[in-house]
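The values are calculated or read from the model by the stated rules, or taken from the named source; none is laboratory data. Here the structure is a predicted model, which is why all the values come from computation and not from measurement. Ideal geometry is used to build each Cβ from the backbone, glycine not excepted, and the neighbour counts take in all protein chains shown. What goes into the accessible areas is simple: the full protein's heavy atoms, side chains included, and nothing from ligands, DNA or RNA. Shrake-Rupley method; radii C 1.70, N 1.55, O 1.52, S 1.80 Å.
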Amino acid sequence: MKKLAHLKLVRRGQIGILTLNRPAKRNALSDAMVEEIDACLRALPAGIKALVLHGAGQHFCAGLDLSELSGRSAAEGAAHSRGWHRVFEHMQFGRVPVVAVLHGAVVGGGLELACTAHVRVAEKNTFYALPEGQRGIFVGGGASVRLPRLIGAARMADMMFTGRVYSAEEGQAAGISTYLAAPGKGLAKGIELAERIAGNAPATNFALMHALPRIAELGQDAGLLMESLMAGIAQSEPEAKQRMRDFLEKRGAKVKRR
Ligand code: 1HE
């Protein structure tokens, strides 16, 4: 892979830690940075089974790099948005699950990127906003599809109509994050979760990334059928059979309260 200018990728055993590394601009997403995210996902070494995504400096991400916005025509704006869609879809429906560790500003396109991850950990200093509403524009990185699935269209509309800023706790209650961490502790939590995810059977992670979001969009009949097909595939894997045997022969872990 080419040397990265705006990102950092560090391998740690079975997981990769991908850092948005443009803190002087609050990790604002320039075109070059979005292209690097794409290149990184494509060139991810085969041994990496889960990614942690976080931001360098005081904020996760300030969204679209506004200095690149002004010169676009309507057609160019639409094409630019489609470019983000392609890269973010590649993350959502890619090879490895992504744990986003959020802190500080998670705004605009930064929130769109966060919504693309599979698990979100928010430090208690996190805040969420969609300033597109106040900047006279609309979201373009998938927020109108992904964010309502987390928090509902009414909450998203409120954020954009009124400029409402959600705190970490409000984001957690609304469904943006599923873990809260103390300031400075999010990365350790994200790494712990990613390592746990990397230890799952590949068919389980595949089903969670590729089948579950599609099933959740289907009607009951087709959804239940797709669930049965995925269940049959996953349980027929040798690794699944071994894991069942391990439990029955007292080698597998019991479910414990954490
Ligand atoms: C930027 C950007 C940016 C900071 N594009 N340069 N996003 C926004 O509307 C959010 C705009 N940013 C902010 O509200 C604040 O910068 C933050 C709350 C994120 C951080 O505040 P702070 O006080 O820590 O930093 P700062 O002093 O405001 O910014 C530091 C530098 O980063 C400064 O540049 P400098 O050269 O004067 O040092 C800022 O100009 C620069 N900076 N944010 C460009 N976003 C596919 S559609 C998606 C649509 C959107 O995402 S719209 C939402 C855009």
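Each residue of the range 234-245 was assigned a 3J(HN,Hα) from its phi angle through the Karplus curve 6.51 cos²θ - 1.76 cosθ + 1.60 (θ = phi - 60°); the sequence is 4, 6, 7, 5, x, 5, 5, 4, 4, 5, 5, 4 Hz, with glycine and proline shown as x. Calculated accessible area for the chain comes out at 53 Å² per residue, all protein chains present (probe 1.4 Å; ligands, DNA, RNA ignored). Across the range 248-257, coupling constants 3J(HN,Hα) worked out from phi with the 6.51/-1.76/1.60 Karplus curve, θ = phi - 60°, read 5, 9, 6, 9, x, 6, 7, 6, 10, 5 Hz, and Gly and Pro carry x. Relative contact order for the chain: 16 percent, from Cα pairs under 8 Å spaced at least 6 residues apart, divided by residue count.
For the range 7-198, the alpha carbon convex hull comes to 102 Å³ per residue, rounded to a whole number.
Measuring nothing but how far apart in sequence close Cα pairs (under 8 Å, 6+ apart) lie, relative to its length, the range 2-127 scores a relative contact order of 26 percent.
The GNM of the chain, with springs linking C-alpha atoms under 10 angstrom apart, assigns the highest mean-square fluctuation among 20, 113, 225 to 225. The orientation-averaged projected area of the convex hull spanned by the Cα atoms of the range 148-222 comes to 7.0 nm². Atom-type composition of the exposed protein surface of the chain places 57 percent of the accessible area on carbon and sulfur (1.4 angstrom probe). The residue 224 and residue 93 beta-carbon pair, evaluated with R₀ = 25 Å, returns a calculated FRET efficiency of approximately 0.70. The count of lysine pairs in the chain that are at least 8 places apart or cross chains, and whose C-alpha atoms lie under 16 Å apart, stands at 4. In deg cm²/dmol, rounded to 500, what helix-only [θ] at 222 nm does the chain give when every DSSP H run of at least 4 residues adds -39500 (n - 2.57) and the total is split over its residues? After summing the helix terms and dividing by the residues of the chain, the value is -14000 deg cm²/dmol.
If the chain linking residue 250 and residue 72 were pulled fully straight, counting 0.36 nm for each residue of separation and taking away their Cα-Cα distance, it would gain 57.8 nm. Each of residue 43 and residue 216 was given a label point 7 Å from its Cα along the Cα-to-Cβ line. The distance between the two points is 3.2 nm. Among 243-249, 100-106, 81-87, the peptide with the highest mean count of other Cβ atoms within 10 Å heads the list, and the full ranking is 100-106, 81-87, 243-249. Evaluating kT/(6 pi eta Rh) at 25 °C and 0.890 mPa s, with the Kirkwood radius of the range 202-248 over Cα pairs in the Stokes-Einstein relation, gives 217 µm² s⁻¹.
Beta bridges from DSSP with both residues in the chain: antiparallel share about 30 percent, rounded to the nearest 5. Please give the FRET efficiency for residue 137 paired with residue 170, using the beta carbon to beta carbon distance and R0 = 25 Å, rounded to the nearest 0.05. That pair, residue 137 with residue 170, gives E of 0.55. Rounded to the nearest Hz, the phi-derived 3J(HN,Hα) couplings of the range 105-111 under the Karplus curve 6.51 cos²θ - 1.76 cosθ + 1.60 (θ = phi - 60°) are 6, 10, 10, x, x, x, 5, where x marks glycine and proline.
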